Structures are given as structure tokens and as C-alpha cells.
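To start, the structure under review is shown below, and the notes come after it.
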Amino acid sequence: FTGGTEEIIIESLRDIPLPIFLLGNSKRNSFAAGCEALPKLRSMGKKTKLISREDPGGKQAREIKEFVKVRKTTQKLRRMRLGLIGNKSPWLVSGSEDFQLIEKKIGPQIIQLDMTSLLDEIEKVPAPEARKLSQEILLYASEAVEPEKDDIIKASRIYLGLKNLIEKNNLDAVTVGCFEIIPPLNNTGCIALSKLIDEGIIAGCEGDLDATLTMIIMNLLSGRPAWIANTVSADTSNDVLTFAHCTISTEMLDGDPILRSHFESGKGVAIQGKLKEGKKVTIARLGSSDLNEMLISTGIIEKSDLGREDMCRTQVKIKLDGTAEKFMEKSLGNHVSILKRDISSKLREFSKALGINATYIG
């Protein structure tokens, strides 16, 4: 297009429901026409981006790829079925419970299943199948500290039962009220959730929908697994945050996992693993009562596998690019999602696309 074609641009794109790129150049007022048409298209509700052909360093090309990735992510979210198995843990007082809001704002349909449906599936798992899987788990672990062989077999049954439930209900991701599993089974879902994430099925803990949605978003934007973790402590003098949890994708670990008991209950099978020090990470959390906020930060893994027995088994210290004080001031809840890559710009673009207020600490 050239100068003077602004009305033609508007009319030709009026009925286009897809994201729009306007590609202009410095000749014949082309880019200038794009600058004029851009705000009008946005006022019409069009997702529009103006780019220039004169793009030293390929920055615009990267922005186009990011723009497309974000739009594909929003479309995939609209097609997803997220299973809530059991209930959100009662101590999670900040998370969303409005399924209609989640579907309208973020996209996934929430499918709530009673915990008895999972327990029934676990009961149906053939014993030889569970024993075979337990042997495979022992092979990829460097050692088992507290768990006995029978504990690992029971943990394998939980995974196999959960996988069957997911397949029967056509779920794309799950979050499990995992503490509800402990009394009837004397075991935990930590291994089950880890294995599901390894297989590309995002699985969150404690029925936490907000944190699990964050994991899903980060996974779709990056193609990599994310870790749901507790925020354990903040060293505001050195801008270091400590995170820990008893489950993590083994793909994220630097070396083989160690099989431990679940920290809070002392039962079942959990994962103690090390994350590679010096790696760049993104920390994020979707939240607020109307799901209208996202906290985003970046940092470097300063230390991992801390050896502490007073917190969940996989442990990491992250030196933030921003301040720990501001991160805690803007906190949206205990659970965060951590990914081994800097996708902060993609998360901000995603937030903009969905009308979410993104706070970046960096």
C-alpha cells in the first residue's frame, strides 16, 4: 500500500476476523499510511501489528513469529479441556473457582471429576502393569531413599489410573486435589504428575487452576515443560527467591532424580532433583479474582538441590533480574510456574492479547 490508501486498507480488512499484519516500507508514504490505519483497525477490535520492511537485525521477523505464536496459543486454549480432579486444597485461598470466568477469559473448558472417579480407575489397574512401571521408574532414578518397592508400585498405580481417567474424559491437562489421595492410598501423586508432564500433558498440584493455567500457557508458548513450585522464602537483600516442590518434570532436571517421600506427609514417592545452575528462567503466575493479572519475572538459577529437609524435595534458589521485594509485593499466590527459558516477552504479548494486566519484574 501507499499513502492515500488508508480507507482502502480499512474497508478491505473490515470483515477479517484473523490477526492482521500491515507491512509497510519507506517509499511513497507506505509506512505512514500504516501508522494512520493502525489505530482505526484496533478501535474496530482488530488484533493488528504494523511492521517495516526496513528491519536491520531481523527484529521485526522475530516479532512476527512471537505474534503468531501467541495467537496460536490463544486458539489452542479455546479448544482445551482442563480436568479438575477432586477439589482445590482449602489453604489455597487466592485462586479462581469460577469455571465460566476461566473459560471466557482464558479459554479452557473446566471438567470437574470427583476424586472417587480417580480412585476407581486406580483400583482397576492390573498389578503386573504397575509392577512393570515401578521397575522402569527405579531404572531412571539414581536412588530411592525412603520409598520401599511397594511404595513405588502403588505410585505407579496412581499414574496409570490417572492416565486412564484422562483418556476416558478426553482431557488435555489436569490439576489434582492430590492431598485427597493420601488417606485412602497411603501414597501420593507426585510421580504421576511428573510422568504426565514428561509426556506432554500438563499436570498441576492441589487443584490449583490458576497455577496450572499458567503452566499450560508457558508450555504452549515455549514447547517446554514448566514446574509448579511453592514460594518458600525471599532474600530481599540479595534479590533471591527460594522455590520448592515434590514433583517436577524429569526433563527439567540436570541428572537423574532421587526418589524421596512426600515432604508434608512423609508418605509415598516424591522427586528430589537438581536444576542446572546458571540457567535463565521465567517465573510467572496468572491470578486475581477476575483473572486479570499476570506476574512475570526472570532470573538465573543460583543454586539447586539445597539439601534441606524442612521443605519440599526439589529445591532451587533463583537470583531475580528485578527485585525480590517488588516480586513479593505483586505476588498473586504461593504457587508459581517456572520454565527454563526467558519467555517474558511472549507472556507480555499473550497478556496483551487477552486483556490481562502484565507486571514484569526485571
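Would you point out which residue out of THR323, THR359, THR250 is polar (S, T, N, Q), surrounded by fewer than 23 Cβ atoms within 10 Å (Cβ to Cβ) and either within 30 Å of ALA144 (Cα to Cα) or in contact with a Pro (Cβ under 9 Å, 6 or more places away or on another chain) (or both)? Show your work before the answer.
Numbers: THR323 fails: either within 30 Å of ALA144 (Cα to Cα) or in contact with a Pro (Cβ under 9 Å, 6 or more places away or on another chain) (or both); THR359 fails: either within 30 Å of ALA144 (Cα to Cα) or in contact with a Pro (Cβ under 9 Å, 6 or more places away or on another chain) (or both).
Result of the check over THR323, THR359, THR250: THR250.
Matching residues to (1) within 16 Å of the chain's Cα centre (by Cα); (2) over 26 Å from ILE191 (Cα atoms); (3) small (Gly, Ala, Ser); (4) assigned to a strand (DSSP E or B):
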position: VAL281; (1), (2), (3), (4): yes, no, no, yes
position: ILE301; (1), (2), (3), (4): no, no, no, yes
position: GLY307; (1), (2), (3), (4): no, no, yes, no
position: VAL316; (1), (2), (3), (4): no, no, no, yes
**Prompt:** What do you reckon, is SER331 crowded, with 17+ Cβ neighbours inside 10 Å and in contact (Cβ under 8 Å) with a residue 60 or more places away in the chain?
**Reply:** no
**Item:** Members of region 85-112 found to be touching a strand residue (DSSP E or B) at 6+ places or on another chain (Cβ under 6 Å) and either among the charged types (D, E, K, R) or open to solvent by 10 Å² or more (accessible area, probe 1.4 Å) (or both), listed by number
**Value:** PHE99, GLU103, GLN109, ILE110, ILE111, GLN112
**Prompt:** All but one of (1) among the small types (Gly, Ala, Ser); (2) open to solvent by less than 10 Å² (accessible area, probe 1.4 Å); (3) modelled with pLDDT under 95 hold for SER345; which doesn't?
**Reply:** (2)
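Which one of LYS149, LYS163 is open to solvent by 50 Å² or more (accessible area, probe 1.4 Å), assigned by the TED database to the domain that holds LEU220 and either at pLDDT 95 or above or of a type outside the set (Asp, Glu) (or both)? I'd like the intermediate steps shown before the answer.
Values: LYS163 fails: open to solvent by 50 Å² or more (accessible area, probe 1.4 Å).
When all the criteria are applied, what remains is LYS149.
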**Prompt:** Given (1) within 19 Å of ASP114 (Cα to Cα); (2) of a type outside the set (Phe, Trp, Tyr); (3) open to solvent by less than 10 Å² (accessible area, probe 1.4 Å); (4) not in a strand (DSSP E or B), where does MET215 come up short, assuming only one miss?
**Reply:** (1)
**Complete set of residues in region 160-212 that are under 12 Å from ILE248 (Cα atoms) and not β-branched (Val, Ile, Thr)** = GLY189, CYS190, ALA192, LEU193, SER194, LYS195, LEU196, ASP198, ALA203, GLY204, CYS205
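Here's a check for you: in region 309-320, which residue that is in contact (Cβ under 8 Å) with a residue 40 or more places away in the chain and out of contact with any Ser or Thr (no Cβ under 6 Å at 6 or more places or on another chain) is most open to solvent (accessible area, probe 1.4 Å)? Full working, then the answer.
Looking only at region 309-320, we keep the residues that are in contact (Cβ under 8 Å) with a residue 40 or more places away in the chain, and these are 311-320.
Keeping just the survivors that are out of contact with any Ser or Thr (no Cβ under 6 Å at 6 or more places or on another chain) gives 311-315, 318-319.
Values: MET311: 7, CYS312: 8, ARG313: 19, THR314: 0, GLN315: 5, ILE318: 2, LYS319: 78 Å².
Among them, the one singled out is LYS319.
Using the structure shown, decide if ILE182 is out of contact with any helix residue (DSSP H, G or I) (no Cβ under 9 Å at 6 or more places or on another chain), among the hydrophobic types (A, V, I, L, M, F, W, C) and open to solvent by less than 30 Å² (accessible area, probe 1.4 Å).
Working: out of contact with any helix residue (DSSP H, G or I) (no Cβ under 9 Å at 6 or more places or on another chain): yes; among the hydrophobic types (A, V, I, L, M, F, W, C): yes; open to solvent by less than 30 Å² (accessible area, probe 1.4 Å): yes.
For ILE182, the condition - out of contact with any helix residue (DSSP H, G or I) (no Cβ under 9 Å at 6 or more places or on another chain), among the hydrophobic types (A, V, I, L, M, F, W, C) and open to solvent by less than 30 Å² (accessible area, probe 1.4 Å) - is met.
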**Prompt:** Hey, among ARG157, ARG81, which residue is in the same structural domain as PRO257 (by the TED database), basic (Lys, Arg) and over 18 Å from the mean Cα position of the chain (by Cα)?
**Reply:** ARG157
**Asked** Restricting attention to region 1-54, and to residues there that are of a type in the set (Val, Ile, Thr) and open to solvent by less than 30 Å² (accessible area, probe 1.4 Å), which single residue is nearest to GLY355 (Cα to Cα)?
**Response** THR48
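List the helices (runs of 4 or more DSSP H) that sit entirely inside region 127-196 and contain at least 1 residues that are in contact (Cβ under 8 Å) with a residue 12 or more places away in the chain and charged (D, E, K, R).
On the way: elements: 127-140, 149-168, 182-185.
Output list reads 127-140, 149-168.
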**Asked** Say we look at region 220-245 and pick out the residues that are in a loop (DSSP other than H, G, I, E, B) and in contact with a Gly (Cβ under 9 Å, 6 or more places away or on another chain); which of these is farthest from LEU139 (Cα to Cα)?
**Response** ASP239
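The values are calculated or read from the model by the stated rules, or taken from the named source; none is laboratory data. For clarity, every value in this text was computed on a predicted model and none was experimentally measured. Reconstructed Cβ throughout: ideal geometry from the backbone, glycine too, with neighbour counts over all protein chains shown. These accessible areas exclude ligands, DNA and RNA; they are computed on the full protein's heavy atoms, side chains included. Shrake-Rupley method; radii C 1.70, N 1.55, O 1.52, S 1.80 Å.
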